[in-house]
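Asker: Would you mind keeping the following structure in view while I ask a few things?
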Amino acid sequence: MILAFDTSSAACTAALFDGAGACLARRDEVIGRGHSERLAPMLDELLDGRKPEEILVGVGPGSFTGIRVAIAAAHGLAIGWNVKLSGMSSLALIAAGTAANDQVAVAVSGGHGELFVQSFTQGRPTGELANLSPLDAAAATSANLVIGSGAGALVGARGWGDARDMLPSAADAMAIPTEQRSLPAKPIYARAPDARPRQAA
């Protein structure tokens, strides 16, 4: 069995898959904040005493705090269970939630009014991950369909396109191309953190 979960957004989402990739159980909750308090009980409910052989964790980009919560939990569980741990792109997870065959742009709110943006075709990246203002993101994307929490801002800045506010669902993890769910279980922040070490006097 494979356990997948992601807390990079307002959603706290987890899913359990059998060896063939069929979803056995899923949980999707929009909680905004409080992932650290909700994730462990959610995983307990989902697993119901079962032990996976592999863990997939969303590594971002997205919420700094949310990404760290999921990755810390994943490392702890992987050590405790002695199972394989891999990272999955949180933007690829969102892209996997649409059946579109043409290019789709994923735009996620990244703080400070900026967006994390990347284009995908059939789940595979067709553009570099970038952290841009809505205007710059609008100029950098040509896909008609834009999905994610920042879709409205991008399409509004561009003046055309189909914006769909979508959150990641771990139930779509097996639809992600293998290379996008075989990443190191390390954060993808896409921009420098707001907090910086204090300079020595």
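The values are calculated or read from the model by the stated rules, or taken from the named source; none is laboratory data. What you see is a predicted model, and the numbers here were worked out from it, not measured in a lab. Backbone-built Cβ (ideal geometry, glycine too); neighbour counts: all protein chains shown.
Asker: Pick out, from the stretch 82-201, the helices (runs of 4 or more DSSP H) lying fully within it that include 1 or more residues that are among the small types (Gly, Ala, Ser) and in contact with a Pro (Cβ under 9 Å, 6 or more places away or on another chain).
Answerer: Working: elements: 90-95, 134-140, 151-158.
Those helices (runs of 4 or more DSSP H) span 90-95, 151-158.
Asker: Same structure, new question: Right, residue 164: under 25 Å from residue 28 (Cα atoms) and among the basic types (Lys, Arg) or not? Walk me through how you get there before you give the answer.
Answerer: On the way: under 25 Å from residue 28 (Cα atoms): yes; among the basic types (Lys, Arg): yes.
Yes: the conditions hold for residue 164.
Asker: Those residues that are buried (at least 17 other Cβ atoms within 10 Å of the Cβ) and among the small types (Gly, Ala, Ser), I need them from the stretch 128-139; list them, please.
Answerer: Going through the stretch 128-139, the residues buried (at least 17 other Cβ atoms within 10 Å of the Cβ) turn out to be 130-132, 134, 137-138.
If the condition is that a residue be buried (at least 17 other Cβ atoms within 10 Å of the Cβ) and among the small types (Gly, Ala, Ser), then 130, 137, 138 are the ones that fit.
Asker: Moving to a separate point now. Being outside any strand (DSSP E or B) and either charged (D, E, K, R) or over 20 Å from the mean Cα position of the chain (by Cα) (or both) is the filter here, so list the residues in the stretch 1-21 that pass it.
Answerer: In the first step, residues of the stretch 1-21 are kept if they are outside any strand (DSSP E or B); the result is 1, 7-10, 18-21.
Passing the criteria: 1, 18, 19, 20.
Asker: Going by the structure shown, is residue 116 out of contact with any His (no Cβ under 6 Å at 6 or more places or on another chain), crowded, with 20+ Cβ neighbours inside 10 Å and touching a residue at least 60 places away in the same chain (Cβ under 8 Å)?
Answerer: When the stated conditions are applied, residue 116 passes them.
Asker: Which condition number does residue 107 fail, the rest of (1) out of contact with any Lys or Arg (no Cβ under 9 Å at 6 or more places or on another chain); (2) closer than 12 Å to residue 61 by Cβ; (3) modelled with pLDDT under 95 being met?
Answerer: Just one mismatch for residue 107, condition (3).
Asker: Scan the stretch 84-109 for residues that are touching a residue at least 40 places away in the same chain (Cβ under 8 Å), surrounded by fewer than 24 Cβ atoms within 10 Å (Cβ to Cβ) and polar (S, T, N, Q) and jot them down.
Answerer: Hits for the stretch 84-109 are 86, 98, 103, 109.
Asker: Let me ask you something else. If the requirement is being in contact with a Cys (Cβ under 8 Å, 6 or more places away or on another chain) and either surrounded by fewer than 19 Cβ atoms within 10 Å (Cβ to Cβ) or in a loop (DSSP other than H, G, I, E, B) (or both), which of these qualifies: 37, 29?
Answerer: Details: 37 fails: in contact with a Cys (Cβ under 8 Å, 6 or more places away or on another chain).
Criteria check complete, one pass: 29.
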